[in-house]
1. Kindly provide the set of residues from the stretch A:101-117 that are closer than 18 Å to residue A:87 by Cα and either outside the structural domain of residue A:205 (by TED's automatic domain parsing) or among the β-branched types (Val, Ile, Thr) (or both), ordered by number.
2. Got a number for residues in the stretch B:187-221 being surrounded by fewer than 19 Cβ atoms within 10 Å (Cβ to Cβ) and not acidic (Asp, Glu)?
3. Which residues, counting only those in the stretch B:15-44, are more than 12 Å from DNA strand D (Cβ to nearest atom) and either among the small types (Gly, Ala, Ser) or within 17 Å of residue B:57 (Cα to Cα) (or both)?
4. Farther than 30 Å from residue B:233 by Cα and more than 16 Å from DNA strand D (Cβ to nearest atom): which single residue out of B:53, B:47, B:12 fits that description?
5. Which members of the stretch B:51-68 meet the condition of being more than 10 Å from chain A (Cβ to nearest Cβ) and at pLDDT below 95?
6. Quick check on the stretch A:40-49. Is at least one of its residues farther than 29 Å from residue A:152 by Cβ, modelled with pLDDT under 95 and in contact with an Asp or Glu (Cβ under 7 Å, 6 or more places away or on another chain)?
7. Looking at A:135, A:120, can you tell me which residue is surrounded by 15 or more Cβ atoms within 10 Å (Cβ to Cβ), among the polar types (S, T, N, Q), outside the structural domain of residue A:12 (by TED's automatic domain parsing) and touching a residue at least 60 places away in the same chain (Cβ under 8 Å)?
8. Can you list residue pairs whose Cβ atoms sit under 6 Å apart, with the first residue in the stretch A:15-36 being in contact (Cβ under 8 Å) with a residue 12 or more places away in the chain and within 25 Å of residue A:108 (Cα to Cα) and the second being aromatic (Phe, Trp, Tyr) and surrounded by 15 or more Cβ atoms within 10 Å (Cβ to Cβ)? Count only pairs 6 or more apart in sequence or on different chains.
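The values are calculated or read from the model by the stated rules, or taken from the named source; none is laboratory data. Quantities reported herein were computed from a predicted structural model and do not represent experimental measurements. Every residue, glycine as well, gets a Cβ built from its backbone with ideal geometry; the counts of neighbours run over all protein chains shown.
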Protein chains: 2
Amino acid sequence: MGTITKSLNLLNYFSKERPEIGLVDFKNLTGQDKATIHRHLTELVENGFLEQNPETRKYRLGATLMRLSAVRESTFPMRKIVTRQVTSLSESLGELVHASLIVSKGMSPLCYHDGGTGGTRVYFNEADMLPLHATASGITALAFGHPELLEKTINSRLVKYTDNTITDPEKINESVSTARRNGYVISDQSFEREVSSIAVPFFEISPYAYGTISLAVPTARMARLNENQLVHSLWATSRAISKDLGGDVPEHLSNNLAKSVVLA
Amino acid sequence: MGTITKSLNLLNYFSKERPEIGLVDFKNLTGQDKATIHRHLTELVENGFLEQNPETRKYRLGATLMRLSAVRESTFPMRKIVTRQVTSLSESLGELVHASLIVSKGMSPLCYHDGGTGGTRVYFNEADMLPLHATASGITALAFGHPELLEKTINSRLVKYTDNTITDPEKINESVSTARRNGYVISDQSFEREVSSIAVPFFEISPYAYGTISLAVPTARMARLNENQLVHSLWATSRAISKDLGGDVPEHLSNNLAKSVVLA
DNA sequence: TAGTAAGGTTCATTATTTGAACCAATTATT
DNA sequence: AATAATTGGTTCAAATAATGAACCTTACTA
């Protein structure tokens, strides 16, 4: 792991639940040496990727991130494009739908919409990473994303979030195979209790998945839904997004899916 | 300059006008060695700060930036807070108002609102950095921000954007002194032709300015406006923002200003 | 006021970064 | 169609920058 990766990694420890982190906190979180961390933090501050709270001396994410994400979105308005489709799908299904992007070691939520009609709602935290091995989105990413992603994930220690979380590499591979066969992934409380999910990939220029669209519902309600029809709708949205992004669902996949029950 | 800074600096070359950059482009832009740049780019891609267009092999800003900025805004909703005040001021003045944050070597636009009534409008590009020496916001930042910022700026080569851009360190220092005396900065086509601007700082916890609020109008219209009244309104908004951010306009400044014509 | 814990710094050792030269693939040019 | 030029990418010895154990400083607390 190079210096750059080590320092950028520090940024990943921030979340909605942990918005400010001190030097010693970082030491405990990362296990790295204090001096090293301090130099990294200082350099990140100098570049505006972090700010130091002058009162507590703790660090928080910096303003440069806001600008850079604005630059990206202004030249490559993925969020705008995807949000449009996700909202439309969510409204038509009356359930929560979210889109997430595959980034390095997890899924980064891009947008979500809760067109919910039911009395119970799924809470979706847009600011936190989703793990690859424990969510429908994640398994979808492993199945249709870059092969290296699957390899890396299987060779890392996997956190058990609920009783249903699969952490055994063998079983991950099985899930991935099933996903590739079916063309979608369905999850049952593998990340959060009482939440079930169905996900499909979407594509940009590359033949590997760029992100996923996923429906998340309270488990109690899942049984009442028509799985086939949901998958059909999700794939329709995936096609629309992929097209808007200047890409397409790869042919080999498209052909396989056509044969399967999904698009029948 | 450490490895981390060198690599993060690469991200600053992206803009609305230059959304994708290739390896050799970077070499020409930075003057650094190709191999070095390549390793930096690779590591940034691995961490999701960049993406590589699989078709052109050029690099563009990555999705991790979107997530991190969402985490920051969800835990520290500065944009939300500031936008509210900026919109309100812009509507009441009927002119374009923007807020920008001081980050490392420039000003990073945070939000803007054009409550414009006039026939001519100022075009404001939210995704680009503003230079410190050539804008009302920038001189305000130099005058009321961390002293180190002024020192660094003066010791760097300053770009001349228009005939009115001041690049002489002596003159910068004069402008800064005037700003400190007056409590605001007024600029006349120093960055863009036909655009004039008035700016004041706002504060967070620290006694040094955190950002600026600025009114931007077509130069032709500036003469007709009541400068004193504008500055008064800007300072009122600054106070409101500073308060909302949990900070305050430093006392020594507040006292000086009270004496000056500005708040009379 | 002594003790603790936090942030921050130093400097010899160590390990990583660096860059000139090289290779491969694509795109202009003749 | 052959050749040159341009781009992305890689190698490895030499140079430089990163590292971390020990130490310092400040703020709080018992």
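1. A:117
2. 10
3. Across the stretch B:15-44, the qualifying residues are B:15, B:18, B:19, B:31.
4. Numbers: B:53 fails: more than 16 Å from DNA strand D (Cβ to nearest atom); B:47 fails: more than 16 Å from DNA strand D (Cβ to nearest atom).
The match here is B:12.
5. Narrowing the stretch B:51-68 to residues more than 10 Å from chain A (Cβ to nearest Cβ): B:57-59.
Selection gives B:57, B:58.
6. yes
7. Numbers: A:120 fails: surrounded by 15 or more Cβ atoms within 10 Å (Cβ to Cβ).
Just one listed residue meets the conditions, A:135.
8. A:21/A:59
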